[in-house]
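Written out below as structure tokens is the structure these notes cover.
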């Protein structure tokens, strides 16, 4: 049981970080009018399916098209 508590203490901050990055990137993507629908779909897939790294990639490279 102690092992489960140790994992939870490590995973909880990562889960919270993932959710914050995911929501931030998706909100920015939806509000971005300069991207075409096709690009928005591709970015949305990257953000959602490439866990923590996907939103970071969008926030670094996708915002440059802003």
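FYI, it's all coordinate maths here, none of it is from the lab. Bear in mind that the values here come from a model prediction, so they are computed numbers and not experimental data. Cβ atoms come from the backbone with ideal geometry, glycine included; neighbour counts cover every protein chain shown.
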Helix 37-49: inclination vs the chain longest Cα principal axis, degrees, rounded to 10, gives 10
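When the chain is fully extended, how far beyond the present Cα-Cα distance does residue 51 get from residue 14, taking 0.36 nm per residue of separation?
Full extension of this stretch gives 12.3 nm more.
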Using only helices, what value at 222 nm comes out for the chain when you add -39,500 (n - 2.57) per DSSP H run of length 4 or more and divide by the total residues, to the nearest 500 deg cm²/dmol?
-26500 deg cm²/dmol
Cα→Cβ-extended label distance, 7 Å offset, between residue 4 and residue 34, nm:
4.9
I need to check one value: relative contact order of the range 19-65, counting alpha carbon pairs closer than 8 Å and at least 6 residues apart, in percent.
42
Expressed to one decimal in nm², the mean projection of the alpha carbon convex hull of the chain is 4.5
Using a Gaussian network for the chain with springs between C-alpha atoms less than 10 Å apart, which of these wobbles most: 11, 45, 35?
11
